[in-house]
1. Just to be sure I understand the model, the point goes 7 Å from the Cα along the line to the Cβ. What's the resulting residue 134 to residue 149 distance in nm?
2. Could you go through the stretch 11-17 in sequence order and give the Karplus-derived ³J(HN,Hα) for each residue, using 6.51 cos²θ - 1.76 cosθ + 1.60 with θ = phi - 60°, rounded to whole Hz, and x for Gly and Pro?
3. Residue 57 to residue 156: FRET efficiency via 1/(1 + (r/R0)^6), r the Cβ-Cβ distance, R0 30 Å, to the nearest 0.05?
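Since every read-out is calculated from the coordinates, none of them should be taken as a lab result. The structure presented is a predicted model; accordingly, all values stated were derived computationally and were not measured. Note: ideal-geometry Cβ built from the backbone for every residue, glycine included; neighbour counts use all protein chains shown.
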Amino acid sequence: MIFPVSYGIAFVFGYLGWWWMSLISSSEPGVANPRAYPFVGNALDFLPHKLLASLEYYRKAYGNLVLVRMFSQRVFIVADPLIAREVLMKRPKQFRRTRLSIYTGKMLNINLSLLHAHGALWSRLRRSTAPSFSTMNVANKVETIIEELDSWIARLKVASQEENSVDMTVEA
């Protein structure tokens with residue numbers, strides 16, 4: 001069965017209408033909700049080559065809490081440490097990582113990290129790593145952290161001068 005062209009046009013306009021209404025109705029009070037493109041949302045702003053620039057722009061233009069769309073998902077970008085603490089420490093079960101974040105973690109082979117884990121795995125990792133980040137432990141490690149960072153920066157400078165590019169995936 002072949003659909004007439006008018007059905008295709010009606011579908012496209014219907015989708016665009018649904019997308020626009022969902023964009024308007026899904027905004028949260030007090031949260032910036034920048035305009036997005038049909039189908040992809042704000043995903044084009046977060047391509048790997050411009051991720052940091054986009055995050056910086058969104059922070060300056062919209063504030064500490066921004067609601068963006070990644071395809072059909074709503075994603076909150078949090079730039080305020082107090083809000084991040086609320087999300088990550090006080091109510092972690094209410095806020096899940098996006099499927100894209102989980103997929104990215106698997107592709108980069110870092111899916112077992114605290115940033116990419118969720119659910120029971122996240123709880124187990126959080127309990128086992130929490131003592132390392134206590135105020136006393138961090139204060140005792142500051143000199144070592146500074147020495148390691150200085151060493152790493154020096155190594156990156158040498159590598160970048162020799163090779164003109166450094167594979168940050170390996171470095172990470």
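1. Each label point is offset 7 Å from its Cα along the Cβ direction, giving 2.3 nm.
2. My calculation for the stretch 11-17 gives 4, 4, 5, x, 5, 4, x Hz in order.
3. Working: r = 26 Å, r/R0 = 0.86.
According to the calculation, E is roughly 0.70.
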